[in-house]
1. Do the conditions hold for Ser37, that is, is it open to solvent by less than 40 Å² (accessible area, probe 1.4 Å), away from the ligand (no atom under 14 Å from the Cβ) and either free of Cβ contacts under 8 Å to residues at least 40 places away in the same chain or not in a helix (DSSP H, G or I) (or both)?
2. I'd like to know if region 250-271 contains one or more residues that are under 25 Å from the mean Cα position of the chain (by Cα) and either surrounded by fewer than 24 Cβ atoms within 10 Å (Cβ to Cβ) or β-branched (Val, Ile, Thr) (or both).
3. Take region 72-88 and flag every residue that is in a helix (DSSP H, G or I) and either buried (at least 24 other Cβ atoms within 10 Å of the Cβ) or among the basic types (Lys, Arg) (or both).
4. Please go through (1) polar (S, T, N, Q); (2) within 16 Å of the ligand (Cβ to nearest atom); (3) open to solvent by 30 Å² or more (accessible area, probe 1.4 Å); (4) modelled with pLDDT of 95 or more for Asn352 and return the number of the only condition it doesn't satisfy.
5. From the list Asn234, Asn221, which one is farther than 19 Å from Met10 by Cα and open to solvent by less than 60 Å² (accessible area, probe 1.4 Å)?
6. When you scan region 653-747 for helices (runs of 4 or more DSSP H) that lie fully inside it, which ones turn up with 1 or more residues that are under 22 Å from Glu513 (Cα atoms)?
7. Is it the case that Glu363 is open to solvent by 30 Å² or more (accessible area, probe 1.4 Å), more than 16 Å from the ligand (Cβ to nearest atom), without any contact (Cβ under 8 Å) to a residue 12 or more places away in the chain and closer than 30 Å to Glu93 by Cβ?
8. If I ask for residues that are in contact with a His (Cβ under 9 Å, 6 or more places away or on another chain) and assigned to a loop (DSSP other than H, G, I, E, B), which ones from region 758-789 would you list?
Amino acid sequence: MKHKDLIKQMTLEEKASLMSGKDFWQTMDIERLGVKSMFLADGPHGIRKQAAAADHLGLNPSIPATCFPTAAAVANSWDVLLGEVMGYYLGREAVAQKVNVLLGPGINMKRNPLAGRNFEYLSEDPYLTGKLAAGMIRGIQANGISACVKHFAVNNQEERRMAIDTIVDERTLREVYLTAFEIAIKEGHTQTVMSSYNMLNGTYANENMHLMRDILRDEWNFDGVVVTDWGGSNDRVAGLLAGNELEMPTTADETNEEIIQAVKAGKIKEDVLDECVDRLLELSFTTGEVLKEPHQEIDIASHHEMAQRVSEESIVLLKNEGNILPLKKGVKVAVIGDFAKEARYQGAGSSNVNPTILSNTLESLEESGIVSIGYEQGFDRYGKKNKKKVDQACAIAKQANVVLLYIGLDEVTEAEGLDRQSMEIPENQVELLHALYEVNPNIVAVLSCGSVVEMPWIDKVKGLLHGYLSGQAGAKAILRILAGDVNPSGKLAETYPIRYEDTPSYYHFPGKEVSVEYREGPYIGYRYFDTANVNVLFPFGYGLSYTTFEYSNLQVNKNDVTFDLKNTGSMAGMEVAQLYVGCQSSDIFRPAKELKGFTKTNLQPGETKNITIPFDDKAFRYFNIKTNKWEIEEANYDILIAASSTDIRLRGTTFVEGTGAPLPYDKAALPSYYTGKVNDVSLTEFESLLGYKAPVAIWDRTKPLGYNDTIAQCQYAKGLFAKFSFHAISFAHWFLRKIGKRSTANLIMMSIYHMPFRGIARMTGGIINMPMLDGILMIVNGHFFKGLRHVLKERRKMLKVRKDKKLARVTEGM
Ligand code: BGC
């Protein structure tokens, strides 16, 4: 332990007090011992430090900060160094705002295109995610503060996010869902990890010994701090035993008291608590150093420029028929679409940043040199059809050489706490596109959204530029690409299926009641599409450039692969070359190929560079469930150098010696996994993969409701009051949507409907405690008066205890 002497001076009460927040964002301090409180703030693509009213859903304003492109955009840059520089800028702003821990990056895998927070996450691939995250963390932490990688782990849906039980087999867990965290921890050296809300195979993530102890601490040697997601603690003592130092936000001492009692009763050794205190102190002292320095103003303009640079490298050119882009000098464009007037540049929820500056397409047009003949809104942002707007748009489109059409998803559709309902963009936008096509087929669409959408309309556009959610400077960055001042170099960090139904988790997303079964195993994203040979709209790793690249001279060596990359076009540009590895043996099932390396190279016209991509420890490994270790299968491996997961430019093979581990699977029991056709695996086959019976996935409607049941389950509660409340909430949600108040309706879903009962105590900062919650549950379960009496009695008790404590403190101080 690093702070043994200091810990020796602490009382049990003081130690326990450090284990949960002082308020919504700060940790506890111990003045007499010089322990300062730390400030934690969101993250991940800008600082959201709330000076006044606090919340975890991005509702109340925060201090202005640079809004960088969201993670889904940054990932398209495939540029680790750029991510690191962005992290550095983020960290600088965090220091300026006196923030010790920046709550990001978010690195959950994109298992399904509809997952509500995909815009906040990097990729469907763990290797790309891990490398980019490690870069960002290094950048943030270079400022002397801590990053906080989140949400650990398998938090891949928003519906029932605080209660859902994720059922996933050990190999998939390791290879797909944990590898990014492993890289972030080992290579990024993050000092803080945020545990996720959900359960993993039957145990809440922060209490899960296997996840938190065996893997995080023992295998990866993580010696930093684990903080719960806000309100995500279930059993505080179980969390502490698993090594969860900090619970956020405050519980007004309630859970600290549970820790004290557990230590006194011998349920938990004081040493366990001491270790947690030690790690927390270390974080506080190391991150506190830089915050002692005098305040340094941020140069807002240079940070905005940085946000623009990140955006320029992250935008993806998806279609460019007849080289309609870059726009030829002097062509007359009609600018159409609501997003041109008011850019869609970030998502909703806890990541919502209050930008320092906001670029605007219409205002930046002149500077870009693009000749505009006018602007029309064309459609209503929130989906209402409007023929007049379409007619007005068509009228100017007729007079233009090229139509620049700004389409996408609105901010209410992509929000934390809610999964999307479909992969479509609103119908009114598609109708506008069809109408415009009739009058002028030279359409370049600019898409703004943070996740994958279907594009049955793709034939109606000649050019398609995907800006994702490109941050506060995104509008200008997009114009610079349209005008040809910047050559696009982004490549998709996720696959675009043709239809949502093609997605492997289509039948098993989201989990609606007790659990969500990851029946597709390791086959998410391109791992599925390329193995099961399912056509896609745009493959993983795809993106066009205004120039062309030629790959040649592949050489596969023992420790690396080398090849030549030449810019064969007439414009300087950057190319992302990708290394995929596939195993030729079929003894152990696996995806046809997996990303194991990548580089981004800048080349002048005609220039050739010799590129080397090393094979690292992840290149040939797989997780063997029999030995419970990473192993290597002895076999010949395909070494593929590619411009996207389906555009293989160079092929080689290499023989790799194995580690001689026993074969882990019974092939006959796992036919779908051996073919990769996993879009509808039977429960029996899934259980063969799991190695045990999956828990019953639906609610037991006969049981009384408990702490971890959600308000949504009041629909079958015994108590009339609970049933009535459920219907009132459902009605309010329906009604608010009906009258167009979608964001308020969403709020009901996020903060009430899917909230487990324990959340009432965990998120009210001490207004309602657990004994009062027992009374509420009595009411819910049909004992109205008994429950009400209990609530009132416990409230009186709580207030008395607080009063006595306050009195004791005052007397102590006299
Ligand atoms: C989110 C976290 C966020 C926290 C604090 C939670 O609702 O899941 O990502 O950091 O709130 O705002």
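1. Spelling it out, Ser37 is indeed open to solvent by less than 40 Å² (accessible area, probe 1.4 Å), away from the ligand (no atom under 14 Å from the Cβ) and either free of Cβ contacts under 8 Å to residues at least 40 places away in the same chain or not in a helix (DSSP H, G or I) (or both).
2. yes
3. Residues satisfying the conditions are Ala72, Ala73, Val74, Ala75, Asn76, Ser77, Gly83, Met86, Gly87.
4. Condition not satisfied by Asn352: (4).
5. Numbers: Asn221 fails: open to solvent by less than 60 Å² (accessible area, probe 1.4 Å).
Result: Asn234 is the single residue among Asn234, Asn221 that is farther than 19 Å from Met10 by Cα and open to solvent by less than 60 Å² (accessible area, probe 1.4 Å).
6. Working: elements: 671-675, 683-690, 720-738.
Fully inside region 653-747 and qualifying: 683-690, 720-738.
7. Taking the combined requirement at face value, the residue satisfies it.
8. Met763, His783
The values are calculated or read from the model by the stated rules, or taken from the named source; none is laboratory data. Remember, predicted model here, so these are calculated numbers, not experimental data. In this analysis, Cβ positions are derived from the backbone assuming ideal geometry, glycine residues included, and neighbour counts consider all displayed protein chains. Heads up: the accessible areas ignore ligands, DNA and RNA and are worked out on the full protein's heavy atoms, side chains in. Shrake-Rupley method; radii C 1.70, N 1.55, O 1.52, S 1.80 Å.
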